[in-house]
Amino acid sequence: MSALFFSSFDVSRQVFYRSRLAAAIVNLKPIVPGPHLRPRVPHRHRLHHYPDVLVIPTRIAPRLADLKHDELADLIASVQHVGKVIERVYGADGLTIACQDGKAAGQTVPHVHFHLLPRKLQGDVFTRNDDVYPALERAEGRLPADFRQVPQPLQMDAEEDRKPRSLEDMEKEARWLKTFFDAAEAAAAAEGETQSASDAPESSKTS
């Protein structure tokens, strides 16, 4: 499969979902700490799970207005699909979905991207719901520096609450998440075959 770039950063090893024109990647320094959202589905890897992810168009485009109609449609459909699966896997009650569109809006990486953060009605990491927005702003501000660290051994910042992960951890999480999307695609294909069979004319069924 071809390499995927998030602006100038190669994020191919962080990908867990691809559509025709969009992709989803795990985040290096997650906004939402993992322990408050335990995965609902068992997994074989002993990892801290960081369930906030980024959904991006595969073509590098700085602004939403720079996307073609089919790219925008695929991107939004991917946000919807990834959100549904992530919410189910982590047993969340909702999602915070955010896109800073342009430098004036706080965008720091010139490549359209949506943050998806699963949220809980009870026990959410943000006790005041509006606290998520400053956290998103801080996370967006750190994205360029965070992604520059990916190929190198990651240094821990004692004053930074959002700890970076190793590339190996991100790869393991991406592979684990990918299993749910593979299963969803297989189920959708099977449902399509069943529907096609039920829609076939009676003569073709009996011939």
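Structure summary
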quantity: Cut-off 13 Å between beta-carbons: net charge of the residues surrounding Asp130, Lys and Arg +1, Asp and Glu -1; calculated: -1
quantity: Charge tally in the Cβ shell below 10 Å around Arg20, where Lys, Arg are +1 and Asp, Glu are -1, Arg20 excluded; calculated: -2
quantity: Residue-normalised accessible area of the range 82-142, expressed per residue, 1.4 Å probe, Å²; calculated: 49
quantity: Packing-based ranking, highest mean first, of 63-69, 132-138 given that Cβ atoms within 10 Å are counted; calculated: 132-138, 63-69
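The values are calculated or read from the model by the stated rules, or taken from the named source; none is laboratory data. Predicted model only: the values in this text are computed from it and were never measured. Please note: Cβ atoms are built from the backbone with ideal geometry, for glycine as well, and neighbour counts cover all protein chains shown. The accessibility values were calculated without ligands, DNA or RNA, using every heavy atom of the protein model including side chains. Shrake-Rupley method; radii C 1.70, N 1.55, O 1.52, S 1.80 Å.
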